[in-house]
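Here's the structure, in structure tokens; my notes come after.
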């Protein structure tokens, strides 16, 4: 069985980059890791190429994070999606930046499993693909996703409450 990697690339690349961006918080690095995952796939014929790519990409991101931790370097945030749009007024930009930071802190406060399930779902993977990527039972994905969403909302609301208390 051969894999039509051109088709997989067209239908998966943007989702893969979005998934990786939320793991490494660096748009350029997310693109590089997505490309690396596809390069590794060219010599493979997985049964589920999309799920396989997300697994490889997740492993690449995890390996990079471990290496960065060993070197004690901090990842630098670069352009966010909002920066690609025309610059809003300073008050709107400040509010947007604060919201992005709150969402990031909320995501980072989740367990790796919860974060991965949410990011994979947001990247467009279906329950079967999420199960293949995470090793969870397919029947557990809906419940895990619902609980992860609740934890994310609670963490975000806690961030907002802390922010309001400091004003």
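Assorted remarks:
- Taken over region 66-81, the criterion of being in a helix (DSSP H, G or I) and modelled with pLDDT under 50 is satisfied by 81 alone.
- Remark: residue 24 falls outside the filter, which requires a residue to be within 25 Å of residue 104 (Cα to Cα) and at pLDDT 90 or above.
- Qualifying residue in region 111-129 (condition: surrounded by 15 or more Cβ atoms within 10 Å (Cβ to Cβ), more than 14 Å from the chain's Cα centre (by Cα) and farther than 24 Å from residue 66 by Cβ): yes
- Taken residue by residue, region 47-65 has no member that is farther than 28 Å from residue 153 by Cα, out of contact with any helix residue (DSSP H, G or I) (no Cβ under 7 Å at 6 or more places or on another chain), at pLDDT below 80 and not in a helix (DSSP H, G or I).
- Region 132-144, residues that are more than 14 Å from residue 58 (Cβ to Cβ) and crowded, with 18+ Cβ neighbours inside 10 Å: 141, 144
- Residue check, residue 17 part of a helix (DSSP H, G or I), assigned by TED's automatic domain parsing to the domain that holds residue 122 and either modelled with pLDDT under 85 or closer than 30 Å to residue 2 by Cα (or both): no
The values are calculated or read from the model by the stated rules, or taken from the named source; none is laboratory data. Note that the structure is a prediction, hence the values are computed from the model and not measured. For neighbour counting, all protein chains shown are included, and Cβ atoms are generated from backbone atoms with ideal geometry for every residue, glycine included.
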